[in-house]
1. Which lysines does K151 reach when only Cα atoms under 21 Å apart count, and residues fewer than 8 places away in its own chain are ignored?
2. Can you list the aspartates and glutamates whose alpha carbon is less than 16 Å from that of K183, not counting same-chain residues fewer than 8 positions off?
3. Beta carbons within 10 angstrom, averaged per residue: use that to sort the peptides 274-281, 353-360, highest first.
4. Answer rounded, prolate or oblate for segment 338-460, using the Cα gyration tensor with square roots of eigenvalues a ≥ b ≥ c: rounded when a/c is under 1.5, else prolate when a/b is larger than b/c, else oblate.
5. What net charge is computed for the residues neighbouring D337, neighbours being all others with C-beta under 15 Å from the C-beta of D337, Lys and Arg scored +1, Asp and Glu -1?
6. Can you tell me the orientation of helix 60-75 relative to the chain, as the angle in degrees between its alpha-carbon axis and the longest Cα principal axis, to the nearest 10?
7. List, in order, the whole-Hz ³J(HN,Hα) value for each residue of segment 440-455 obtained from phi through the Karplus relation with A = 6.51, B = -1.76, C = 1.60 and θ = phi - 60°; use x for Gly and Pro.
8. In deg cm²/dmol and to the nearest 500, what is the mean residue ellipticity at 222 nm of the chain if only DSSP H runs of at least 4 residues count, each as -39500 (n - 2.57), divided by the residue total?
Amino acid sequence: MKQMKLWMLAAILTFSGASLLTSCSEEDNPVPEPKIEERQAFEKQLSADLEDVAEYINLDPTLKAIEILTSFTNNLNAEALGNQVMDILTQILSNAFSENPTCQFLSFDELGDQKEEALNALANSLHVSEPSSFVLVDAYNSIGTRHMTFKTGEPQAVITEDDALVVEYQDAELGETTELRLKFNDERDGVIVFVANALGSPIAVQFPETIGITITTGKNGEPKQVLEGTVDLNTTDGTKYMSFKGSSWSASANLLASVVGRKEQITATVDHSADGELSVMAGLTINDRTVLTLGALGVRNPYSAEEMEQLKELRGMGSFYSTAYELLKALNGRTIDALTLTINENIYVKCKVNDVAEALKALGNLHLQHDIRGSKEAVDVYTQQLNGVLEFSVIEKNTGISADGSLLTILKEGEYQPAVALRFDGETEFQAVYDNLSEQDLVNYKKIIESFREPIATFNKLLAALQEKAGALKGALPF
């Protein structure tokens, strides 16, 4: 059942919030209590939100941008890109002592008060034994003016000068060109990150605080902009040198996708503390209206290497759960203080996750039960496993009404599956939200769900493409 798979996909992001509506009752389901006033007010506001979102939901710009990025990533030759990276690095190091150097050799001792923070950043980034010096590369002058053009069937890129770092792919058969342009501002106050240990020395790159991003595509000579925005990176404790593992830092992205007069804004913020705690927020705004906001706040207590090895079993549950495993590695946390979901700036879902991997495994097993039409008892085992690691609640901001949440095993369309249910003050039993939706609510709900289906599936393909190319590029580089 497609709806069941989407419920699981939403559950990876919010474990409960995005699946708030996916339940329905039949003969084996409990008879609900009479509605109390709070539930009636909640459902009235929910109905209005569903109608409001369904009226203008259309993710064509975002879908187009993801499709272009996926095609662009798949077409890049990782070996050729690796060769260009090495050529650029060699050129940078060779002019270190010229009149206009793009890098400099520095001793850690000459850093003064910054020596300790630089060594800590290096230790958390690369495996280097007792280094005495390193190479500092100025991103703006060294890589911020390179234009690399890749063409169909040609193994190497042609490099020219530009006012930005540009990676371009030309499809000779279609007569189309796709261009990714990263604009580095001429700043010297950005963070310094150790990125590689090559040619005998650790290499650090000083980035500007803000990098502009533009993606265009179209017939040669007639490019059309499909995505633009900025990415910011800075430390939050006043240090200059940073590592993504052991420093306190913040990164944010603000991207705008445009197609035929419609604009969709995607925002994301990542905050990382020196002790490894991570918080992520992301939002989607359509024509200046915020439709969806997702958050994972207080991600901490990472799994051990041995536990992550055992969790590879997730990859055997299908491509979706293989991606979930990669996300689990990226989040690097066993517990999440609050997974949050806000719909239409009104419906706010908050969920505490006590064991991320156990929740993912339970979801994977529920998917397998769906494939074999498992019994109520079999499905309920995994429903209760989810209840054991999730604690969630819902608030409607416009009405100020809140409710506790839980998962129930119910019968729907001849199949047992988990359902999200709510309990308001004054009620003794949980009731599935879906049971109380009108026919028009269901129509609106299905329209909203369908609008997210293809962009999510395409984004999954983009993640897979990025992962494959990153692995290939790593294999093509000698460090």
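1. Partners within reach: K219, K224, K469.
2. Candidates past the 8-residue exclusion: D138, E161, D162, D163, E168, E209, E228, D232.
3. So the peptides 274-281, 353-360, ranked by packing, come out 353-360, 274-281.
4. Rounded is the answer for segment 338-460, as its axis ratio a/c remains below 1.5.
5. Local net charge: -1.
6. Between the helix axis and the principal axis of the chain, the angle is about 50 degrees.
7. 3J(HN,Hα) across segment 440-455, in whole Hz: 5, 4, 5, 4, 5, 4, 5, 5, 5, 4, 5, 5, 8, 4, 5, x.
8. Rounded to the nearest 500, the figure is -11500 deg cm²/dmol.
The values are calculated or read from the model by the stated rules, or taken from the named source; none is laboratory data. Since the model is a prediction, treat every value here as computed from it, not as a measurement. Virtual Cβ from ideal backbone geometry, glycine too; neighbours counted across all protein chains shown. Note: areas computed on protein heavy atoms with side chains; ligands, DNA, RNA excluded. Shrake-Rupley method; radii C 1.70, N 1.55, O 1.52, S 1.80 Å.
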